[in-house]
Amino acid sequence: MKKIAIIGKPNVGKSSLFNRFARERDAITSDVSGTTRDVKKREITINDLEALLIDTGGFDTSSELFQQVTDKALRSAEESDVVLYMVDGRTLPDDEDKKRFFQLKKRLGDNIALVVNKLDNDKMEEGIWEYSSFGVDEIFSISVSHNRKINRLLNWVYDRLGGESSDELEGDELLNHTEERYMDSRKNEIESEINISIIGRVNVGKSSLLNALTKSDRSVVSPIAGTTIDPIDEVIEADGRKLRFVDTAGIRRRGKIEGIEKYALMRTEAMLERSHVAILVLDSTDDFKELDEKIAGLVDKHHLATIIVLNKWDKREYEYSEAVQIVRDKFKFLYFAPIITVSALTHQRVHKLFDLIFKVYENYTRRVPTAQINKLLEEAVLKHSLPAPKGRVLKIYYGTQYESSPPRFALVMNRPKLLHFSYKRYLINQLREKFDFEGSPLLISTRGKDKNERRDDEVDVEDEIETVDDLF
């Protein structure tokens, strides 16, 4: 698949153009210089051609962190088939931009475009001639925020990707022309992927873990807390399955969330909604914090298959048995989640995460036949009779699993609202003993035979702790 890279200095509108081409608010945009730090990728379709669109961090050498960002952006450009070099049209041409543009043009030839952004009207466009010093015959003057003159740039990109003449198509038509076909194919592709979110508080090693899992330097790694802002995803293949890892922004305590980090938290929630598996990363060199528990509450809220990773194990604070006991005490509502100790820095045991991911995903998507559920219910009631609250007899007519991802079970009863929480938990424990649901939450609800009878609230019966809705 051909690659299109959007590059340039900070705050010239790269992420806005990325969102425009991707047709969704995917990359975080703000007036804060250096908002984008990692390379962000998204598959797009322009007319009948598919391509990988790449948003990069801005060129900035003012610190070690931003030098890393700059190096990644330049590598992305050098590895791409088409490059859109963006500048801010409200400023004078910059010698540093010219130098980088000339260097890239030597390799890319006519496949690099100079895109002058933020020219919101004809008056502002009058100074475009000043950019002729970049030595290109055609300059694209646009305004992403006003959706101004994007069509010509889209057609140019389409031609450079090898498409047939598309002069008759407008920008939206180019992006929508085969959208239905593309969305159908993407739906099938997405269904075959396992989506995995890496979540935790700041500086626990999430980005290092992503790099170790993907055997790349996909995410910028820095001791500076809050380095990752945009959720960064990377797709790899393992044992014939596609795994989409998402490195989410580190989460701070509410009082310490500043500026664009609030958008990062919102995007983290959005990523969790699309995920199947959550990897909760904890720092084994430090005491587990209240914030760790609240972040675990986000995983619980979205009912995800879960793996708990104790990172930095090469510098651990506790022995294994002690660490596991502390985790089990603090994260009781995730008692079903397996625990693994790793060192993302040295890659110690990181490879074992793949087997765990496949296992918990299989359990998360498991379906139990109704006949087996009813046999288990019959045996469970014989071992431990149904309660009779205030002398009223309860009967379970039958049980069924009505959904997976996560597994959800329904008990059809004569008095669905009277079944005590503890008995539901007992039945779930019986299900866990009979079938393998390690790593997956189980949810249960009760309902009456009458379809019009209101079903009681669905309950995750793993623990009596309530799900945290407003953590931050």
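All of the numbers you see were taken from the coordinates with simple rules; none came from a lab. Since the structure is predicted, the reported quantities are computational estimates derived from the model, not experimental observations. Here the Cβ is made from the backbone with ideal geometry for all residues, glycine too, and neighbour counts use every protein chain on show.
The figures follow:
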read-out	value
Cβ-derived FRET efficiency at R0 30 Å, residue 285 paired with residue 347, nearest 0.05	0.95
Length gained when the stretch residue 429-residue 378 is fully extended (0.36 nm per residue, less Cα-Cα span)	16.9 nm
Set 99/215; 3/149; 242/434; 206/301; 41/330; 215/312 screened for pairs whose C-alpha atoms are more than 25 Å apart	99/215; 242/434; 41/330
Ranked by how many other beta carbons lie within 10 Å on average, peptides 368-374, 437-443 from highest	437-443, 368-374
Residues whose placed amide H lies under 5 Å from that of residue 398, excluding near-sequence neighbours	412
Listed peptides 278-289, 339-350, 200-211 by packing density, highest first (mean Cβ within 10 Å)	200-211, 278-289, 339-350
For residue 204, distant residues with modelled amide H under 5 Å away	none
